[in-house]
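Okay, structure first, notes after.
Nothing in this text is a laboratory measurement; each read-out follows from the coordinates by a stated rule. These numbers come from a predicted model, not from an experiment. All Cβ positions, glycine included, derive from the backbone under ideal geometry; neighbour counts span all protein chains shown.
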Amino acid sequence: MFDAVIFDLDGLLLDTESVALEAGVEALAQFGHRVPVSVMAQLIGKDEATGAAVLRDYLGVLPDPEALKVEWDAACDRRFAAGIAHRPGVMLLLEALDALALPRAIATSSRMVRAHAKLEWAGLQTRFATIVSVDCVANPKPAPDPYLRAARLLGQDPARCLAFEDSNTGALSARRAGLTVVQVPDLQPTDGRYAHLLAPSLMEGARGIGLLR
C-alpha cells in the first residue's frame, strides 16, 4: 500500500517529551520563572518560535530566546547523555521495514544537530539516512513543508507515503502534505482529527493501516 514511511522523532520514536518538559521547567527556573508542566505540554510538536510565543503569552515576558535555548539544551543533555529510550515497538517496526525494503525518513521539529544527537543517544543513528529538520524548511509543522521535503528526498509521491506522528501539529502537517497519517499519541490526548488512524502503539498502527499484516 505504501512506497515509503516518514516518522516524527520526539514522542513518536523517542521517549523524550517528558524529559524535555522537565528540562524546560528547570531552564526557565534559572531565569526566575515558574511554569507548570501543563503549560509546557502545549509546546509538544511545536517549533522553537511557536513554543516561545506560547511561553511569552503565559509569562508576559520571555528570557532571551538564545540564552533560554542554551540552558534548555544543557538541561536536556544532562538527562539524555545516559541514553534515550525508544517508544514501544520502535525496533520491531524498523526491522519489519528492513524486511520490506521500504525507504524511510524522519521529519522533525528539532534542529538538525539536535536530531542527530538524539538518534545517537538512542542508538538509532545508523537507521535513518534521510532527516528533515526544522532548519531544512521555510515553514515548520503544521505547514506541509517538512513532509513534502522528506517525500521529495526519498523520491516518492507523498500520496504513496505513510506518516507516523504523535502530536496534532505533526499529524496536520503530514495530512496537508497528502500523506496517509497514523497518529500514536504520547503525552497529549487527542481525538485524532487529522489522522487517518489513531492507534495506541506503533505496531498496532502499522497493522491497522495495512503496512504490516
Measure nothing fancy, just the Cα-based angle from helix 65-80's long axis to the longest principal axis of the chain, in degrees from 0 to 90, nearest 10. 60
Once normalised by the length of region 77-156, the mean sequence separation of its alpha carbon contacts under 8 Å that are 6 or more apart gives a contact order in percent of 31
What angle, in degrees between 0 and 90 and rounded to the nearest 10, separates the Cα long axis of helix 145-154 from the longest principal axis of the Cα atoms of the chain? 40
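What is the extension gain from MET1 to VAL37, computed as 0.36 nm multiplied by their sequence separation minus the C-alpha to C-alpha distance, in nm to one decimal? Don't skip to the answer; put the middle values down first.
Values: separation 36, 0.36 × 36 = 12.96 nm, distance 3.97 nm.
Additional length available on full extension: 9.0 nm.
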Average Cα contact separation per residue, region 17-80, under 8 Å, 6 or more apart, as relative contact order %: 42
Name all residues of region 192-213 having a backbone nitrogen under 17 Å from the label point set 7 Å from the Cα of LEU100 along its Cα→Cβ direction, giving them as ranges. 196-213
Hey, what angle do you get for helix 17-29 against the long axis of the chain, alpha-carbon based, 0 to 90 degrees rounded to 10? 20
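How long is the gain from ASP64 to ASN139 if the chain were fully straight, where each residue apart is worth 0.36 nm and the alpha carbon distance is subtracted? It would help to have the intermediate numbers written out before the result.
Details: separation 75, 0.36 × 75 = 27.00 nm, distance 2.25 nm.
Gain in length upon complete extension: 24.8 nm.
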Can you tell me the Rg and Dmax of region 66-124, counting just the alpha carbons, in angstroms? 14.1, 45
May I ask you to give the average projected area over all directions of the convex hull of the Cα atoms of region 17-80, in nm² rounded to one decimal? 3.8
Quick one: in region 109-194, what % of C-alpha pairs are over 20 Å apart? 36
Radius of gyration, Dmax [the chain; alpha carbons; angstrom]: 16.7, 52
Would you mind calculating the gained length between VAL54 and GLN188 on full extension (0.36 nm times residue separation, minus the Cα-Cα distance), in nm to one decimal? 46.6 nm
Take every Cα pair under 8 Å in the chain that's 6+ residues apart, average their separations, divide by the length, and report that relative contact order as a whole percent. 25
Counting only backbone N atoms under 16 Å from a point 7 Å out along Cα-to-Cβ of ALA29, the residues of region 74-105 in range are 74-79
Listing SER18, SER110, SER38 by rising number of other beta-carbon atoms within 10 angstrom, fewest first, gives SER38, SER18, SER110
Residue of GLY24, GLY32, GLY51 that the Gaussian network model of the chain assigns the largest fluctuation, springs spanning Cα pairs under 10 Å: GLY32
Build a GNM of the chain with springs between Cα atoms under 10 Å: which of GLU165, GLU17, GLU120 gets the top mean-square fluctuation? GLU120
Can you list residues from other chains, or at least 5 along the same chain, whose modelled amide H is less than 5 Å from the amide H of THR130? ILE106
